[in-house]
1. With unit charges on the beta carbons (Lys and Arg positive, Asp and Glu negative) and the dipole taken about the Cα centre of the chain, which residue among A35, I141, H119 sits farthest to the positive side?
2. Round to the nearest 10 and give me the degree value, 0 to 90, for the angle of helix 60-72's Cα axis relative to the longest principal axis of the chain.
3. Once ligands and nucleic acids are excluded and a 1.4 Å probe is used, how much of L84 is accessible, expressed in Å² to the nearest 10?
4. Read through the labelled values (1) 182; (2) 144; (3) 220 and report the label of the one computed as volume of the Cα convex hull per residue in Å³ from the structure.
5. Got a sec? What order do H111, H148, H183 fall in by accessible area at 1.4 Å, biggest, i.e. largest, first?
6. By what distance, in whole Å, do the Cα atoms of region 152-200 stretch along each of the three principal axes, largest value first?
7. Which of the residue pairs K127/K200; K166/K200; K139/K166 have a Cα-Cα distance greater than 29 Å in the structure shown?
8. Got a number for carbon plus sulfur as a percent of the chain's accessible area, 1.4 Å probe?
Amino acid sequence: LTQKLKIFAWGVEHSQNGIVIMDLNGRITYQNHVAALMYGLDAPQEAVGQLASEYLPDSAYSEDFISVALEYGGLQVELQQKRLDGSLFWSLINLSVINDSSNNPIGFMGHIQDITARHDMELSLSKAKEEADRANQAKSIFLATMSHELRTPLNAILGFSQLLEKESELTSQQRRSVGIINHSGTYLLRLVNQVLELSKIEAGVMML
C-alpha cells in the first residue's frame, strides 16, 4: 500500500495538469505545483486551508459544483477562474469525488487544465467566421443589385435589336449583325438572370 501511495503521489506531483484536493466544504487540502503556477502562487502550500471558491469570479458557483459532484459522482465544466493578482484565465475542470473505504464521500479531487489559448483561438475563429459570413452576404447583395442594374440596359438593347430586325431596308450583312446582337444579348441576359437567382438564394431573399 505504501508503494502504491508513493507512486500515486509521484504521479500527482508530476502531472501536466493542475491537481487540487478539497474537503467536502470545498476547502483546499492539497495542490500540486502546476495548480500553484496557474493561480499565480509562489508555492503550493499557500493555497492550503483556502476555499476553492476564492479562485472563482463568482463564489456562488462553488456550492453548485459541490452539490452536482456529490449527486453524480463528479462533473466536468469549462469556466473562468482568477489568479492571485485578479487576472482571469479559462480552465477545464474535471471534479471527482473521493470516497473512504466505506464508500462515503470525504472530499474532491480536481484536475485542471488551462485552456485559455484554445478558448481564445476558438473565439477568434468564431469572429472570423462571422466576418466571413457578413462579407459573403454583402457580396451576394452586391451581385443581386448589380445583376438587377445590368438587366435594365440589356433589355433596352434587346428591344431595339428586335425592332431593327423587323426593318425591311436592312442589308443581309446588317441583318446578320443585328442577329448577333440579339443572340448575344439574349445569352447574356440569361446569364445575368441566373446570377441574380443565385445571389438571391445566398442573400436569403429567395428560398428553395
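The values are calculated or read from the model by the stated rules, or taken from the named source; none is laboratory data. All of these numbers come straight from a predicted model, not from anything done at the bench. All Cβ positions, glycine included, derive from the backbone under ideal geometry; neighbour counts span all protein chains shown. Ligands, DNA and RNA are stripped out before the accessible areas are found, and what is left, the full protein with its side chains, is counted by its heavy atoms. Shrake-Rupley method; radii C 1.70, N 1.55, O 1.52, S 1.80 Å.
1. It is I141, whose Cα lies furthest towards the positive end.
2. 80
3. Ignoring ligands and nucleic acids, L84 comes out at about 110 Å².
4. (3)
5. Highest to lowest solvent-accessible surface, that is H183, H148, H111.
6. Per principal axis, max minus min of the Cα coordinates gives 43, 15, 11 Å.
7. Table pairs above 29 Å Cα-Cα are K166/K200; K139/K166.
8. The nonpolar share, carbon plus sulfur, comes to 58 percent.
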